[in-house]
Structure formats: C-alpha cells, structure tokens
Amino acid sequence: MAEFIVLGAGMVGISSALALQEAGHTVTVVDRTQPGLETSFGNAGIIQTEAVEPYALPQDLSTLWRYAIGHTNDVLWELAPTLRMAPALWRYFLNSATDKHRKISTTYAKLAALATADHAPLIDASNSDTLIIRNGLAMLYRDEVSFDKEKARAERLEREFGVRSRIVDGQAYQLEESALKQAPVGAVHWLDSWSCKDPGGLTQAYATLFEQRGGRLLKGDANSLTQTTTGWVVKTEQGIVNAEQVVIALGPWSPELLKRFGYNIPMVYKRGYHGHYQETTPLNRPFLDVANGVLAAPMSRGIRVTTGAALVDLNATAEPKQLQRGVSALKTLLELGERIQEDQWFGTRPCMPDMLPVVGKAPKHERMWFHFGHGHQGFTQGPTTAKILVANIAGEKEGQWAPLEPSARF
Ligand SMILES: Cc1cc2nc3c(=O)[nH]c(=O)nc-3n(C[C@H](O)[C@H](O)[C@H](O)COP(=O)(O)OP(=O)(O)OC[C@H]3O[C@@H](n4cnc5c(N)ncnc54)[C@H](O)[C@@H]3O)c2cc1C
C-alpha cells in the first residue's frame, strides 16, 4: 500500500481520497480552503442518473446564431475569453457532431448509471440521508416544439440506456407541484435522479468521514507541489508533506498547476451563478426551466436558482446578469420569495473538449494521477470516477476505461 497526496477537496478530490483509503492507502488531502467550498459548493446538487449524454455544442446554425447574438439565457459569452478558449471550443464543437457525441455518450452513460449506487454507501456512512431527496428531476417546457422534441429524446434514452422518465402534461404537473404559478406546456420527469439540499455540506460530510477513517486534511497551496526522487512534496500550513503518489483533483484549476509540469490541458470554462430565494410554497423536486436556462432546486437555504454557462475567464469578476434575467423569467412560473442576502457565488464547470472526465495516469510522470474535468456532472460522477481511478492505480481491468485515460488525450 502507498502514501498518496490528493490535491483538491471538492467532490472529486474527497471521493478520490475515500476510494484510495478504502483500498488500504494512506491519504493526505491538501486544499487551500475547507472542503467543498468551490464548484462542489454552489452547484444545483443533482445526482444525475438522467445525464447519459454530455452537453454537446449545438451544430445547427440557427442555435449558434442565437448564442452569437445573445438571444438565449442558457449560454453567454465574452469575446476575449472565448477567443482564448477557441482551440478547446473548436475541438468541443467537432466532438459534438452526432456520431462522435453518440460514441462519447456510451462511456458517459455508464458513469451516469453507477452514480446513485456509488453515492449511496457514502451518504449512509456519513449520516447525510437528510440532505438527499430521491424523487427525480423535472424539465419544464414552455412551448410545444421543444416539449415534443424532449418527449422523443426521453423515449430514445429509455430505449438506448434504460433511463426512466414520465411525460406529464403541463396542467397535470402544476397540480403535482403547487409552487408553480402557471402551468408549463409539459414536463419530463426523470424518475431516478436524486438531489441534494446542500452540495457543499455533502462534500464536507464525506470529508469528515474521510477524517474519521484516519485520513488527513491539510491546508496548503497545490502550486507548491514538487517532484522528488521518491515521489512528491507539497507545503502545507502544518508543514511539508511527502508521499510516493499524487492525485491532481483541482477541478477547473488543474490545467494551471499542470502547465508547470509540461502539460497543456485544453479546458472550456463554463461559469455558473446561483442565488437563494425564500421558499414561499414547498417545491417537491428540482426543475429546469428549459426556455430560460435556469434551474430551481429546493435547498436547506431556500430555493437555489442556478444558471447555465457563461464563457468567461476563470478569475473574472462576478457579472450575474444571467442569474438576474433567469430569475425574472422564472418568476412567471414559480413562486419565489425575497432573495436571501449573501455574497454572490459563482463556480466554473471544468469541461473537457471531448466531454469526458480525465481519469488515470499522468502521461509524462510516474506516480502522478489525473482526476479532473468533470464538466457539468462532477457532483454526480465523483465517487464513480474515484473508484475507476483506484482500480486503474491497482492495475485492475475495471479501472481501464480507455476513453478516460490521459495518455490517449494529451
Ligand atoms: C452552476 C453549476 C451547477 C452545477 N450543477 C451540477 C449538478 O446539479 N450536478 C452535478 O453533478 N454537477 C453539477 N455541476 C458541476 C459540478 O459542480 C462540478 O463538476 C464539480 O463540483 C467539480 O468538482 P471538483 O472536485 O472537480 O472541483 P471543485 O469542487 O472546484 O474542487 C477543486 C478544489 O481545488 C481547490 N484548489 C484549487 N486551486 C488550489 C490550489 N492552488 N491549492 C490548493 N487547493 C486548490 C479548491 O479550493 C477546491 O476545493 C454544476 C456546476 C455549476 C457551476
């Protein structure tokens, strides 16, 4: 058994640490803040078994044009950062072509299928059951054309991947969900997805479990990582930590660190915002207002509204117009109370151009492992890809998911 440093204490890093620990390794997690305070904190909290197909870039000119002229709220972009991301975006666009996307989805669907089963023992062991709602996710449609399209997609996903859903007429859905002020045209209710009332809290509960099982959680800057003849060293507030092996699980910050080690990792940074609103009428389950690209989820702090993607630099200052627009539109559908006062949160989905998380051995370094790039679904996939990583480290056959392997990609 070996000693590991895991850099990053988001859902992906903490899941890596727990899986390594379970395999008998000694693990120290290093993060510059507390666990679960970044992307894993502010997301929509859905454990998405319905996410069997990753988000593709649109291929049709009319949608691209609507994005280009800002006629949609689900994607916003700024010229300079979009140009900086252009090489990664171009590869993303090419991988979104129907045939390629279909092939990528065969891997993605396997990850989605394992998600709730891989979270379940951790939820149980960390006593987090009260944070979990197990009654699905709804997508609400405001026009017939998009509802019909999604109905056909739901039927196809059930046929091809066994994803269960329920198609509900808008008025019938409003009767089920009394927080809705107005009936949508229709709803697709994905039955098997779970949601979490406090994603940061769940990540922290998993981190506490890791410590209870003997793991070490230290504060330090991952950028102090250096290679030695026997392994790796990182500086922490509690002193220098040495280990034979290192896992890079820094989410959207992974490429920045890896540049120093000679890796040019293409990543598309898709920022999202959230705001909390008082829950005037209880909401049974999260839903996406598809036309406006905002998701409303019942959370411990109130109704959390999260936005789609803004293509901006990782460190750009907050500009929450997507949230403001989305909330005004959402208010025509949903009872929302006052906004709860708090600092404006934003986070960045670390998206790879081939839409798959990166899991496996660093191509140019011994004893360095990559585990990042989970894009829109890292909260869902963290425990599953952690198990794949650990099987991969052990040289087991089930760890060899070729499409996820860094060596084939960088
Ligand atoms: C608005 C929004 C909604 C989303 N909704 C969902 C959803 O419903 N379901 C879902 O599955 N996914 C969702 N996602 C995606 C999901 O949140 C991410 O894929 C996931 O959180 C990534 O986890 P991570 O551990 O890789 O990254 P993070 O949670 O960001 O963790 C990275 C860690 O690295 C640390 N770090 C960074 N740099 C350093 C450094 N130099 N030194 C030390 N530590 C450092 C950070 O402090 C952080 O703790 C959403 C994302 C957004 C933005």
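Here are some notes:
- So Asn264, is it more than 14 Å from the ligand (Cβ to nearest atom), part of a strand (DSSP E or B) and in contact (Cβ under 8 Å) with a residue 24 or more places away in the chain: no
- Taking each residue of the stretch 282-294 that is at positive phi and looking for partners that are in a loop (DSSP other than H, G, I, E, B) and polar (S, T, N, Q) with beta-carbon atoms closer than 6 Å, six or more apart or interchain, yields Gly293/Asn73.
- Leu131 meets the conditions (1) under 22 Å from the mean Cα position of the chain (by Cα); (2) within 30 Å of Ile265 (Cβ to Cβ) in every case but one. The failed one is (2).
- The set of residues in the stretch 68-88 being surrounded by fewer than 18 Cβ atoms within 10 Å (Cβ to Cβ) and part of a helix (DSSP H, G or I) consists of Ala68, Leu79, Ala80, Pro81, Thr82, Leu83, Arg84, Ala86, Pro87.
- Scanning the stretch 366-396 for residues that are closer than 20 Å to Asn264 by Cβ and open to solvent by less than 20 Å² (accessible area, probe 1.4 Å), we see that the one that is farthest from the ligand (Cβ to nearest atom) is Met368.
- Per the listing Leu131, Leu140, the residue uniquely of a type outside the set (Gly, Ala, Ser) and open to solvent by 10 Å² or more (accessible area, probe 1.4 Å) is Leu131.
- Restricted to the stretch 145-189, and to residues there that are in contact with an Asp or Glu (Cβ under 8 Å, 6 or more places away or on another chain) and over 25 Å from Ala329 (Cα atoms), the residue that is surrounded by the fewest Cβ atoms within 10 Å (Cβ to Cβ) is Arg164.
- A single entry from Thr82, Thr72 fulfils the requirement of being within 30 Å of Ile265 (Cβ to Cβ) and in contact with a strand residue (DSSP E or B) (Cβ under 8 Å, 6 or more places away or on another chain): Thr82.
- Pair list, Cβ under 6 Å, 6 or more apart: the stretch 75-99 residue under 16 Å from Ala310 (Cβ atoms), other residue part of a helix (DSSP H, G or I): Val75/Tyr67; Leu76/Gln322
- Candidates Ala187, Ala183, filtered to the one that is outside any loop (DSSP other than H, G, I, E, B) and of a type in the set (A, V, I, L, M, F, W, C): Ala187
Table: residues versus (1) part of a loop (DSSP other than H, G, I, E, B); (2) in contact with a helix residue (DSSP H, G or I) (Cβ under 7 Å, 6 or more places away or on another chain); (3) open to solvent by 20 Å² or more (accessible area, probe 1.4 Å).
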| position | (1), (2), (3) |
| --- | --- |
| Gly200 | no, yes, no |
| Gln204 | no, no, yes |
| Leu209 | no, yes, no |
| Lys219 | no, no, yes |
| Asn223 | no, yes, yes |
| Val247 | no, yes, no |
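- Residue in the stretch 342-353 that is more than 30 Å from Leu20 (Cβ to Cβ), more than 14 Å from the ligand (Cβ to nearest atom) and open to solvent by 10 Å² or more (accessible area, probe 1.4 Å) present: yes
- Scanning the stretch 10-62 for residues that are within 13 Å of the ligand (Cβ to nearest atom) and in a strand (DSSP E or B) returns Thr28, Val29, Val30, Asp31, Ile46, Ile47.
- Looking only at the stretch 1-55, and only at residues there that are surrounded by fewer than 24 Cβ atoms within 10 Å (Cβ to Cβ) and among the hydroxyl-bearing types (Ser, Thr, Tyr), the one that is modelled with the lowest pLDDT: Tyr55
- Of all residues in the stretch 278-306, those satisfying the criterion of being assigned to a loop (DSSP other than H, G, I, E, B) and either closer than 16 Å to Trp194 by Cα or touching a Cys at 6+ places or on another chain (Cβ under 9 Å) (or both) are Leu283, Asn284, Arg285, Pro286, Ser300.
- For the criterion of being in a loop (DSSP other than H, G, I, E, B), out of contact with any Cys (no Cβ under 9 Å at 6 or more places or on another chain) and more than 9 Å from the ligand (Cβ to nearest atom), Gly214 passes.
The values are calculated or read from the model by the stated rules, or taken from the named source; none is laboratory data. Please read these numbers as outputs of a predicted model, since none were measured by experiment. Because the Cβ atoms are built from the backbone with ideal geometry, glycine has one as well, and the counts that use them run over all protein chains shown. Each accessible area value is taken on the protein alone, full model and side chains, heavy atoms only, with ligands, DNA and RNA left out. Shrake-Rupley method; radii C 1.70, N 1.55, O 1.52, S 1.80 Å.
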